[in-house]
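As structure tokens, the structure follows; a few thoughts come after it.
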Amino acid sequence: MSFEEFVARSHAAGALVVQPRMGFGDPTAMRAGLAATRSARAVTVGTLTLDSYTRVRDTASAEHALRNGLPLNGYPIVNHPPEVTRGMLAGLMDADFPVQVRHGSARPADIFRAMIAAGLHATEGGPVSYCLPYSRTPLDEAVRNWAFCTDLLLAAEPEGGRPHVETFGGCMMGQLCPPSELVALSVLEALFFYRRGLRSISVSYAQQTNMEQDQEAVSALRGLCAELLPEATWHVVIYAYMGLFPRTEVGALSLLAGAAELAVTTGSERLIVKTTAEAHRIPTVAENVAALEHAHLAARATIHRATVAADNQVYREAAALVDAVLNCHEDLGRALVIAFKRGLLDVPFCLHPDNAGQARSFLDAEGRLGWSELGSLPLRGVVEQRRQAALTSSTLMSALSHVQSTHDALAFGDHETVAIGGQA
Amino acid sequence: MTERLHDLHSDRADRADEVLAGGRGTVIVSSMASDSHTWNLVYLELLVGELGFDVVNLGACAPDELLEYECLSRRPVMLVLSSVNGHGYQDGLRVIQRLRGCRPLRRMPVVLGGKLGTGGALTQEQTGQLLLAGFDAVFDDQQGSGSFRRFAAALPSPAGVLPMPAEGAGA
Ligand code: B12
């Protein structure tokens, strides 16, 4: 059974699939992590998160780390021979435990080759979302690379079912991007894969700052995918908050539970968790398992469903963004490049040279994300731009830490407290 | 944001303009090759700007060659390196060895900060190795901005570093 079938079956049985972001340099440690994920008391799929050297194609530095016993922040799939990776997965990855490769590379051809050679066919990415937050690679090059790699994956024709790709567009920089642009990017990347022939897709959306706005966003995501991906099998994957994370255990668990609630109330099929170590360091296997189990329980405890208008504000903005991009060029890859050049897509606070950097976001009193500068975004008449005072290091920090401090406050009460986990 | 219009390699007259403009000189803020995190850079750009410096922000995944080239051509009063992806120790050692191996950059103030290891703060021994390899200061994630501000405040004013021969061999 493939990745998509496992998720569909679990959803039909009423279970939210939970998944870690986990990667270690050493195959033995990686295997132990996958084994623990598999046997966690939750419905899980496994993850191979790749290290930063592999992401930027610096296999020499990955090699240096492996040889000198320096820790890596992920699994170097290109350095380890395919037999090693197959051996690492043997007896673990099967119909009841699919494994996905998560990387973050704008130049992923070697990663795709290594993945396919090791028998792995579920991955994550996108021409925009694996370029702007992950590299200084020109966007048009990333688009070409991702077109090439999608073709590679399709040509692999795995035995265990169709290859699967998840968009990372619903996350981008992790924080302070208004939900409508995340939804638009997630949909556009899904459509990019779809037009190249991929039929097994998941669309991501990362938890932001306000539950209702997030629920509107997932509804918008579903609406747009239903319109644009008629012949694909697709599902929604929620990411637990991808910005500055609470520093306390209580705060981190509360935020994670909120992500599980968002997933269940919006009928989402899968959730990628974060751990209590997030604000401090790479989590241990045990911390990952604890996060999976906590999310599972929080999901089971959520019984209500969200009711949001289909034509909500997030939908209207996202639809306008998607339309504007589709009108740029009939080839969607070209269209994305043109759209960024014209500022029709513009990700707040993204320093990538191909991002216009004119659009800006802000947090309103209810914790909703809005636009303080529209730049050239095609949203005039769809949303009001609400200018804010000039940005300083401390106003930036307070916007970045809004979610962190809201949840840490649950642990702090009114007392001066000590952060946990950082001194490990 | 505060990218200089002309580069600091030009003649003394330009440099005088720079000082008259009230700047404390140029600081380069950058990542290193493997690290694509940029919120740290956005934050540091604002912070260093607020301390009175002109800031050049090199963005994500700056290759070693680019760092060397930018430092040689701009002659910053300080290079601020940030790493949060857990590879800061390995990347920092490689980069500082390269920069210190370049004669004109031997005395350029270079600092490193962030989340430097995958297991939380670096050990004292690791921090010591980074300092020995040539960093002027290493700031751990938990430290807050106070000690960095003090370090920056103690930098010689740009006038103090002005008499530098054009070919830069005086450093
Ligand atoms: C947002 C985020 C991302 C976004 C980044 C988008 C972008 N382009 O910027 C995305 C989702 C893309 C991402 C990707 C990855 N991430 Co990330 N990310 C984060 C997260 C959640 C928040 C970071 C943030 O916004 N910080 C805001 C800025 C302002 O603060 P800061 O970076 O913490 O820096 C502070 C201090 O360290 C200090 N500082 C920093 N540099 C310097 C320098 C000097 C000189 C001084 C004085 C001070 C200083 O000042 C800042 C303010 O206090 C953190 C976890 C967290 N903190 O909650 C993980 C985290 C940094 N990521 C991590 C990792 C490992 C990755 C990945 C490698 C994926 C992976 N294996 O998990 C990739 C990066 C790929 C690559 N090539 O490097 C790890 C690093 C682990 C470690 N150091 O041990 C963290 C800690 C999460 C974790 N616990 O695993 N990430």
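The values are calculated or read from the model by the stated rules, or taken from the named source; none is laboratory data. Remember, it's a predicted structure, so these values are computed and weren't measured experimentally. Using ideal geometry, Cβ is built from the backbone for each residue, glycine included, and neighbour counts are taken over all protein chains shown. Side chains are part of the model used for accessible areas, which takes the heavy atoms of the whole protein and leaves out ligands, DNA and RNA. Shrake-Rupley method; radii C 1.70, N 1.55, O 1.52, S 1.80 Å.
Only protein heavy atoms count here; on that basis, with a 1.4 Å probe, A:Glu317 has an accessible area of about 20 Å².
Extension gain for the segment A:Glu157 to A:Ser39, taken as residue separation times 0.36 nm less the Cα-Cα distance, is 39.6 nm to one decimal.
3J(HN,Hα) along the range A:107-113: 10, x, 4, 5, 5, 4, 4 Hz, from the Karplus curve 6.51 cos²θ - 1.76 cosθ + 1.60 with θ = phi - 60°, whole Hz, x for Gly and Pro.
Which value, in debye to the nearest 20, gives the size of the charge dipole of the range A:3-301 about its Cα centre, when Lys and Arg are +1 and Asp and Glu are -1 at the Cβ? Dipole about the Cα centre, nearest 20: 400 debye. The equivalent ellipsoid that matches the C-alpha gyration tensor of the range A:3-301 spans semi-axes of 25, 23, 19 angstrom, in descending order.
Whole Å is fine, so just give me how far the alpha carbon centre of the range A:202-267 lies from that of the range A:145-159. Centre-to-centre distance over Cα atoms comes out at 27 Å. Considering only A:Val337, A:Asn312, B:Gly23, and ranking their Cα positions along the charge dipole of the protein assembly as shown that arises from unit charges at the beta-carbon of Lys, Arg, Asp and Glu, the one farthest toward the positive end is B:Gly23.
Using unit Cβ charges (K, R positive; D, E negative) and no other charged atoms, how large, in debye to the nearest 20, is the dipole of the protein assembly as shown about its Cα centre?
Details: 49 positive and 64 negative charges, 139 e Å.
Here the size comes out at about 660 debye.
Antiparallel as a % of all DSSP beta bridges within the range B:45-151, to the nearest 5?
If I count the DSSP bridges inside the range B:45-151, around 10 percent turn out antiparallel.
How much accessible area is lost when chains A and B come together, counting both sides, with a 1.4 Å probe, in Å² rounded to the nearest 100? When A and B are taken together, about 2700 Å² of accessible area is lost.
For the range B:2-153, the dipole from Cβ point charges (+1 on Lys and Arg, -1 on Asp and Glu) about the Cα centre works out to 460 debye, to the nearest 20.
Once backbone amide H atoms are built at 1.01 Å from N, A:Val237 has A:Val203, A:Ser204, A:Tyr205 as its partners under 5 Å, excluding neighbours fewer than 5 places away on the same chain. Counting protein heavy atoms only, chain A has 52 percent of its accessible area on carbon and sulfur, 1.4 angstrom probe. Probe of 1.4 angstrom, ligands and nucleic acids ignored: what's the accessible area per residue over chain A, in square angstrom? Accessible area per residue: 37 Å². The phi-based Karplus calculation (6.51 cos²θ - 1.76 cosθ + 1.60; θ = phi - 60°) puts the 3J(HN,Hα) values of the range A:82-92 at x, 5, 5, 5, 4, x, 4, 8, 4, x, 10 Hz, whole numbers, x for Gly and Pro. Spin-label model, B:Gln143/B:Ser157: points 7 Å from Cα along the beta carbon direction are separated by 2.6 nm.
Among the residues of the range A:59-76, those with an accessible-area drop of 20 Å² or more from chain alone to full protein complex, heavy atoms and 1.4 Å probe, are A:Ser61, A:Leu70, A:Pro71, A:Asn73. Interface residues of the range B:33-67, defined as a loss of at least 20 Å² in heavy-atom accessible area between the chain alone and the complex of all protein chains with a 1.4 Å probe, are B:Ser34, B:Ser36, B:Thr38, B:Trp39, B:Val42, B:Tyr43, B:Leu46, B:Glu50, B:Ala60, B:Cys61. Based on every Cα atom in the protein assembly as shown, Rg and the maximum pairwise Cα distance Dmax equal 23.7, 75 Å.
Global size of the range A:1-140: 15.2, 47 Å for Rg and Dmax (C-alpha atoms, Rg to one decimal, Dmax whole). Working note: Debye formula, equal point scatterers on the alpha-carbon atoms of the range A:175-332, no solvent; log10 I(q)/I(0) at q = 0.09, 0.11, 0.20 Å⁻¹ is -0.31, -0.46, -1.21.
Look at the dipole of the range A:1-97 built from charges on Cβ: of A:Leu16, A:Phe97, A:Gly46, the Cα furthest out on the positive end belongs to A:Leu16. Pairs of Cα atoms nearer than 8 Å and 6+ residues apart set the relative contact order; for the range B:2-153 it is 22 percent. Residues of the range B:105-133 losing 40 Å² or more of accessible area relative to the isolated chain, 1.4 Å probe, heavy atoms only? For the range B:105-133, once contacts with the other chains are taken into account, B:Lys115, B:Thr118 lose 40 Å² or more.
Summed over qualifying helices (DSSP H, 4 residues or more, each -39500 (n - 2.57)) and divided by its residue number, the protein assembly as shown shows a 222 nm mean residue ellipticity of -12500 deg cm²/dmol. Here the 3J(HN,Hα) profile of the range A:208-217, calculated from phi with Karplus coefficients 6.51, -1.76 and 1.60 at θ = phi - 60°, is 10, 10, 8, 4, 5, 5, 5, 5, 4, 5 Hz, Gly and Pro shown as x. Dipole orientation for the range A:71-216: of the candidates A:Gln175, A:Pro108, A:Gln215, A:Pro108 has the Cα lying most toward the positive pole (charges on Cβ; Lys, Arg +1; Asp, Glu -1). Our analysis of the range B:75-130 gives Rg over Rh at 0.99, with the two radii drawn from alpha carbon positions and Rh computed by the Kirkwood formula. Rounded if a/c is under 1.5, else prolate if a/b beats b/c, else oblate: with a ≥ b ≥ c from the C-alpha gyration tensor eigenvalues square-rooted, which is the range B:2-153? Note, shape of the range B:2-153 comes out prolate.
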